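Only one structure is covered here, and it is reproduced in the block below.
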Amino acid sequence: MPSTAKKPALSHTANIIPLGPADDDLTLHVLAQDQTSYLLVHHGRSILIDCHSAAMRSWIASRGLPMPEMILHTHVGPEHCREADLFPDARILVPAGLEDAAADNEAYRKAARPVWDHPEDWPTTMGRERYGVAGCPVILAPEKPLRIAGSFKAGERIDWQNLSLEVVPLPAHGFYSVGLLLRRGGSPKPIALFIGDLFRHGPHLVDIHNLETSYGQNSSGKPPPSAPRSSYPPPGQSSPTALPRPANSPR
């Protein structure tokens, strides 16, 4: 018999993370359920990074926080793009290459159909297609199309108030996946790095999907020396839920 238990409401177990001095009013709200989204609040305005819940708008309103003026996606997928038409005044931006996946169901279906048209090209393409490999889609569209305002590419910078978000490529996560490196003004010092499904386990960056299937046995390696340590959750913790440490994991 299928379970009739209600899905847990959007929680806020990681609370608020200050990202600057008290008089700067820069805070990060970590919003968690089955996935995690981040509301960056600064001087009465906000940006939402990924949107994993259709309850996001009511959650923000219930706490008196400003509605996001931009929604930035580190990648596109049903579990990260659930805003649909929740925020009609927000500019929704996705990584370049994912426009159809995010906003045009018909175009996405045509590009992601499970048929491998040119197997003879394997030595050249290795089966790589726009949204999949050898007829197997690896990028899924949102449950409801997004009303996107545009896209951004790796190497570009998104300016917001006196802050900037540098778009950095994360090819180990997916074809078009990116991270967003937050800086203040023209300062070279990073404040935070938003990296979607990746999180820090000890000195390693671990793919959460691999963790779920093989309990921490796969890793994409050590973060680059320039990566800000403050941008990662504490060892063994994926914001905001602490995970048990595998018995054979490195310490």
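For Asp104 and Ala149, the difference between the fully extended length at 0.36 nm per residue and the C-alpha to C-alpha distance is 14.9 nm. Which of rounded, prolate or oblate describes segment 16-196 when judged by the alpha-carbon gyration tensor and an a/c cut-off of 1.5? Note, shape of segment 16-196 comes out prolate.
Taking R0 as 22 Å, what's the FRET efficiency between Leu140 and Ala55 from their Cβ-Cβ distance, rounded to 0.05?
On the way: r = 21 Å, r/R0 = 0.95.
That pair, Leu140 with Ala55, gives E of 0.55.
Candidate cross-link partners of Lys153 among the aspartates and glutamates, defined by an alpha-carbon separation under 16 Å and a same-chain spacing of 8 or more, comprise Glu99, Asp100, Glu166. Modelled label positions at Leu65 and Glu79, each set 7 Å beyond Cα in the direction of Cβ, lie 2.1 nm from each other. Fully extending the segment from Arg157 to Asp34 would add 41.3 nm, taking 0.36 nm per residue of separation and subtracting the current Cα-Cα distance.
Every number here is computed from the coordinates shown, using simple stated rules; none is lab data. Everything numeric here is computed off the predicted structure, so don't read it as measured data. Note that each Cβ is placed from the backbone with ideal geometry, even for glycine, and that neighbours are counted across all protein chains shown.
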